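Asks: The structure follows.
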Amino acid sequence: MKIQQFAVIGLGRFGSSLALELMELGYEVLGIDRDEDVVHEMSELLTHAVIADATDEETLRSLGIRNFDCGIVAIGDDIQMSILATILLKELGVNQVVAKAISTLHGRALTKLGVDRVIYPERDMGVRVAHQLVTPNLLDYIELSKDYSIVELTVPGCLNGKTLSEVNSRARYGCSIVAVHKPEGIIIAPTAMDQLRQGDIMVVIGSNENITQFEQQVV
Ligand code: ADP
């Protein structure tokens with residue numbers, strides 16, 4: 001089932017940025033925060049923004065929270081509030097519950113409550129920025145498992161004009177270029193004859209070890 005409606009509980013830095021991006025992507029977003037100023041600031045920007053205490057069961061019920069496809073508990077600092085709001089979303093039957101954790105123990109508690117996904121924005125951003133700092137051409141990466149990732153790398157000058165068969169990343173480094181973003185569009189599953197241009201973005205899949213070798217020797 002495609003998610004259409006999101007309820008974001010807590011419109012702090014993380015919650016408000018998430019809510020605004022979901023709006024930008026064309027979804028309906030209900031924002032809930034107990035802080036009047038925060039809600040006023042967001043009221044024009046979200047589908048609905050409501051001043052409410054997310055630990056008040058009756059209020060959540062009256063907002064029809066159970067009809068939302070996904071509820072995101074974006075309260076971090078106040079762990080007690082985060083846990084109480086999460087319990088209520090689960091009990092009231094929100095289909096998918098996502099919650100932000102500020103520590104591993106907080107995350108473990110949320111997992112025990114049965115949330116579908118725990119996110120650690122500060123920890124994950126720290127890891128992401130570290131990768132980007134040591135690999136200047138790295139734009140983004142997704143960890144597929146502990147050992148395997150997909151990364152987006154900017155094509156450096158030394159690969160300008162080379163075909164994928166000349167780069168030969170699979171045989172030389174054990175990782176595959178699975179897509180190339182070019183100014184004129186994206187090539188999914190490029191062929192051996194597709195050419196790279198400096199500044200294109202290549203999407204590379206492989207083991208972390210192989211990707212690192214590829215980054216260090218080629219990129
Ligand atoms: P961030 O680090 O992303 O800014 P915070 O934990 O500092 O996150 O902010 C969380 C937001 O959640 C604040 O705007 C706060 O007013 C709101 N909040 C905290 N507890 C509740 C609650 N029980 N009900 C509704 N909103 C809450």
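Every number here is computed from the coordinates shown, using simple stated rules; none is lab data. The structure presented is a predicted model; accordingly, all values stated were derived computationally and were not measured. Please note: Cβ atoms are built from the backbone with ideal geometry, for glycine as well, and neighbour counts cover all protein chains shown.
Asks: What are the ³J(HN,Hα) values, in whole Hz, obtained from phi via the Karplus relation 6.51 cos²θ - 1.76 cosθ + 1.60 with θ = phi - 60°, for each residue of the stretch 159-164 in sequence order, with x given for Gly and Pro?
Replies: 9, 4, x, 7, 7, 5
Asks: For the chain, what is the mean residue ellipticity at 222 nm derived from helices alone (per DSSP H run of n ≥ 4: -39500 (n - 2.57); sum divided by total residues; nearest 500 deg cm²/dmol)? Please list the in-between numbers first.
Replies: Working: 9 runs with 81 residues, N = 219.
Theoretical 222 nm ellipticity from helices: -10500 deg cm²/dmol.
Asks: How large is the charge dipole for the stretch 135-217, taken about the Cα centre, if only the Cβ atoms of Lys, Arg (+1) and Asp, Glu (-1) carry charge, to the nearest 20 debye? Intermediate results must be reported in sequence, preceding the final value.
Replies: On the way: 6 positive and 10 negative charges, 43 e Å.
Using only the charged Cβ atoms, the result is roughly 200 debye.
Asks: Go ahead and run the numbers for FRET between Asn67 and Val134, Cβ-Cβ distance against an R0 of 35 Å, rounding to 0.05.
Replies: Details: r = 45 Å, r/R0 = 1.30.
Step by step, r from the Cβ atoms, then E = 0.15.
Asks: Across the stretch 5-123, how large is the tail of the calculated P(r) beyond 21 Å, expressed as a percent of all Cα pairs?
Replies: Working: 1970 of 7021 pairs.
Here the tail beyond 21 Å accounts for 28 percent of pairs.
Asks: What list do you get for Thr47, Thr212 if you sort them by fewest beta carbons within 10 Å? Intermediate results must be reported in sequence, preceding the final value.
Replies: On the way: Thr47 14, Thr212 17.
Neighbour counts put them in this order, fewest first: Thr47, Thr212.
Asks: Once you charge only the Cβ atoms, +1 for Lys and Arg and -1 for Asp and Glu, what is the size of the charge dipole of the stretch 154-197 about its Cα centre, to the nearest 20 debye?
Replies: 120
Asks: For the stretch 135-217, list log₁₀ I(q)/I(0) at each q in 0.20, 0.23 Å⁻¹, using the Debye formula over Cα point scatterers of equal strength and ignoring solvent, two decimals each.
Replies: -0.85, -1.15
Asks: In addition: Along the positive direction of the dipole of the chain (beta-carbon charges: Lys, Arg +1; Asp, Glu -1; about the Cα centre), which of Ile32, Thr55, Gly15 reaches farthest?
Replies: Gly15
Asks: When the chain is treated as a GNM, springs tying every alpha-carbon pair under 10 Å, which of Asp56, Asp147, Asp69 comes out with the largest mean-square fluctuation?
Replies: Result for the chain, Cα springs under 10 Å: Asp147 fluctuates most.
Asks: Based only on other Cβ atoms within 10 Å, what is the fewest-to-most ordering of Cys158, Cys175, Cys70?
Replies: On the way: Cys158 9, Cys175 24, Cys70 20.
Least crowded to most crowded, the residues run Cys158, Cys70, Cys175.
Asks: Check cross-link reach from Lys100 to the lysines: straight Cα distance under 24 Å, and skip same-chain residues fewer than eight apart.
Replies: Lys2, Lys90, Lys112, Lys146
Asks: Only loop residues by DSSP count here, and only those with at most 13 other Cβ atoms within 10 Å; note down the GluC sites (Glu not before Pro) in the stretch 86-194 that meet that. Don't skip to the end; give the middle numbers.
Replies: Working: sites: Glu91, Glu122, Glu143, Glu152, Glu166, Glu184; in loops: Glu184.
Filter output for the stretch 86-194: Glu184.
Asks: Taking a spot 7 Å from the Cα of Asn160 along the direction of its beta carbon, which residues of the stretch 173-198 have an amide N less than 14 Å from it?
Replies: Under cut-off, by backbone N: 196-198.
Asks: On a 0 to 90° scale, report how tilted helix 208-217 is relative to the longest principal axis of the chain, with both axes built from alpha carbons and the result rounded to the nearest 10.
Replies: The two axes meet at around 50 degrees.
Asks: Can I ask one more? Within straight cross-link reach of Lys182, meaning Cα distance under 24 Å, which lysines are found once same-chain residues fewer than 8 apart are removed?
Replies: Lys162
Asks: Charges only on Cβ, +1 for Lys and Arg, -1 for Asp and Glu: so what's the dipole of the chain about the Cα centre, in debye to the nearest 20? Spell out each step's value before the answer.
Replies: Values: 18 positive and 30 negative charges, 204 e Å.
With only Lys, Arg, Asp and Glu charged at Cβ, the dipole is about 980 debye.
Asks: For the stretch 1-55, which trypsin sites (Lys or Arg not before Pro) are in a loop by DSSP, counting at most 11 other Cβ atoms within 10 Å? Please list the in-between numbers first.
Replies: Working: sites: Lys2, Arg13, Arg34; in loops: Lys2, Arg34.
When the trypsin sites (Lys or Arg not before Pro) of the stretch 1-55 are filtered for loop state and at most 11 Cβ neighbours within 10 Å, Lys2 remain.
Asks: By how many degrees, between 0 and 90 and to the nearest 10, does the Cα long axis of helix 79-91 differ from the longest principal axis of the chain?
Replies: Computed tilt is about 80 degrees.
Asks: Expressed as cubic angstrom per residue, what is the convex hull volume of the alpha carbon set of the stretch 88-200?
Replies: Working: hull volume 16.9 nm³, N = 113.
It is 150 Å³ per residue.
Asks: Could I ask something else about it? Need the C-alpha centroid separation for the stretch 13-35 versus the stretch 92-123, integer Å.
Replies: Here the two parts' Cα centres lie 18 Å apart.
Asks: Please order Leu105, Leu138 by the number of other Cβ within 10 Å, starting at the fewest. Working shown, then result.
Replies: Numbers: Leu105 10, Leu138 19.
Ordered by Cβ neighbours within 10 Å, fewest first: Leu105, Leu138.
Asks: For the Cα atoms of the chain, what angle does the longest principal axis make with the long axis of helix 13-24, in degrees from 0 to 90, nearest 10?
Replies: Value to nearest ten degrees: 70.
Asks: Let me ask another. Find how much the distance from Asp194 to Asp35 grows on full extension, using 0.36 nm per residue of separation minus their present alpha carbon separation; answer in nm with one decimal. Write down the numbers at each step before the final one.
Replies: Values: separation 159, 0.36 × 159 = 57.24 nm, distance 5.39 nm.
Extending this stretch completely gives an extra 51.9 nm.
Asks: I've got another one for you. Hey, how much of the P(r) for the chain falls beyond 27 Å, as a percent of Cα pairs? It would help to have the intermediate numbers written out before the result.
Replies: Numbers: 11237 of 23871 pairs.
Percent of Cα pairs beyond 27 Å in the chain: 47.
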